[in-house]
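Encoded as structure tokens, the structure appears first; notes follow it.
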Amino acid sequence: MTSRERTVAALTGQPYDRIPVNLLMSDYAARVIGVTVGEYQQSAKLMARGQIAAWEKYGMDLVNTGPGLTGIAEAMGSRLAFTDNTAHVSDFVIKDLADLDRLRIPDPERDGRLPLFLEAADIVLREIGDGVPVSLTTSGPFTVACNLRGTEFFLRDLRKNPEFVHRLLRLTTESVIAFARAAVGVGVRIGLAEPTASGTLISPRLFREIALPYLKEVVTAVGALAGANPSLHVCGNSSRIWEDMADSGASVLSLDDEVDLARASAAVGERVALLGNIRPTSVMVLGTPDDVRANVRECLAKGAANPKGYILGMGCALPINSPEENIHALMAAAREYGRWPIDPERLAASVC
């Protein structure tokens, strides 16, 4: 089966050759082609070449070219630092509340590096898109706002300046939708990430009252544009907002390794597909291939029977210093233990 066929089968209750695997591979692709992450992040051709090379080498079932957590905020004026690691905001554009009045919805065809991500996606889609789904993952409205204002200041604003918060979230919501419209125009799917709306940082009440309404708006808009709703990743401990995440309308919930897949499946598995949640650091970076195989068995045992479907994947992005042998071990274990129909007895050796 192609990656596209395999993924559709897993999400519609149909037989597949093996469980689909999403490595959440972004900047790791720079390592595959031997360039720095900074070089990779500033070249559409390098991003496309890296993702294609990584797919050819490892055979994951989704290819993603960004713009990640910072792309939209950068296009709106925040400055990034490019090192040999994931780009981070070095200067937030909103220092005073009045700075919001100067901002506008970015043009995905002209502003920041957004055109590079679209170009990279177009190259990947033309070269390998017949067989593998191609995606652009962007931060949701809440996380874009944090990357414009600074997370610490924005979290304070939730209490001190609620009117400002909603004005900013209105702008970021429309900005995410504008980028999604351009991405769908290229022909790729959309993924959303809201790491700063995590239960680790804000309460379930604040998620429901502040983050969720705007997130729902984006999901609905993307669904109307693309004919399919986007996936949603929330970092950290999201257990208290699983129902709310499902309420967003997201097609797949991508779960951090901090939470338990079996509990998530019991809570929302009748409503939404799940993706996760191999441990990025303790297993993929610091573990051995045997540790990887054990973690794959654990995830399959807890997630594979999810009523709305399951994709084996990382608990967060694949770290750029993950040993090559561990990635090969993950894919080999998916082929060995993830064949349809998945046999629970073959997974019983899980040590976790």
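Every read-out reported here was derived from the displayed coordinates using simple, explicitly stated rules and does not represent laboratory data. Source: prediction; values computed, not measured. For neighbour counting, all protein chains shown are included, and Cβ atoms are generated from backbone atoms with ideal geometry for every residue, glycine included.
Details
- For segment 81-110, a residue qualifies if it is buried (at least 20 other Cβ atoms within 10 Å of the Cβ) and closer than 21 Å to Gly185 by Cα, and the qualifying residues are Pro106, Pro108.
- Scanning segment 1-49 for residues that are within 22 Å of Ile311 (Cβ to Cβ), buried (at least 17 other Cβ atoms within 10 Å of the Cβ) and of a type in the set (Gly, Ala, Ser) gives Ser3, Ala9, Ala10, Ser26, Ala29.
- Ser78 being over 21 Å from Leu225 (Cα atoms), among the polar types (S, T, N, Q), touching a residue at least 40 places away in the same chain (Cβ under 8 Å) and surrounded by 17 or more Cβ atoms within 10 Å (Cβ to Cβ): yes
- You will find that of Arg189, Arg181, the residue that is touching a Pro at 6+ places or on another chain (Cβ under 9 Å), surrounded by fewer than 22 Cβ atoms within 10 Å (Cβ to Cβ), closer than 24 Å to Ala224 by Cα and touching a residue at least 12 places away in the same chain (Cβ under 8 Å) is Arg181 and no other.
- The residue pairs whose first member lies in segment 154-178 and is within 26 Å of Glu109 (Cα to Cα), whose second member is of a type in the set (Phe, Trp, Tyr), and whose beta carbons are closer than 8 Å, counting only pairs six or more residues apart or on different chains, are Leu168/Phe154; Leu169/Phe142; Leu169/Tyr214; Arg170/Tyr214; Thr172/Phe142; Thr172/Tyr214; Thr173/Tyr214.
- Residue under evaluation Ala54, criteria (1) outside any loop (DSSP other than H, G, I, E, B); (2) in contact (Cβ under 8 Å) with a residue 40 or more places away in the chain; (3) under 20 Å from the mean Cα position of the chain (by Cα), criterion not met: (2)
- Selection status of Val219, in a helix (DSSP H, G or I), free of Cβ contacts under 8 Å to residues at least 40 places away in the same chain and under 17 Å from the mean Cα position of the chain (by Cα): yes
- All of Gly140, Gly71, Gly112, Gly77 fail the test of being touching an Asp or Glu at 6+ places or on another chain (Cβ under 7 Å) and either among the basic types (Lys, Arg) or under 20 Å from Gly38 (Cα atoms) (or both), apart from Gly112.
- Residue tally, condition crowded, with 18+ Cβ neighbours inside 10 Å, over 19 Å from Leu275 (Cα atoms) and out of contact with any helix residue (DSSP H, G or I) (no Cβ under 7 Å at 6 or more places or on another chain), over segment 54-75: 1
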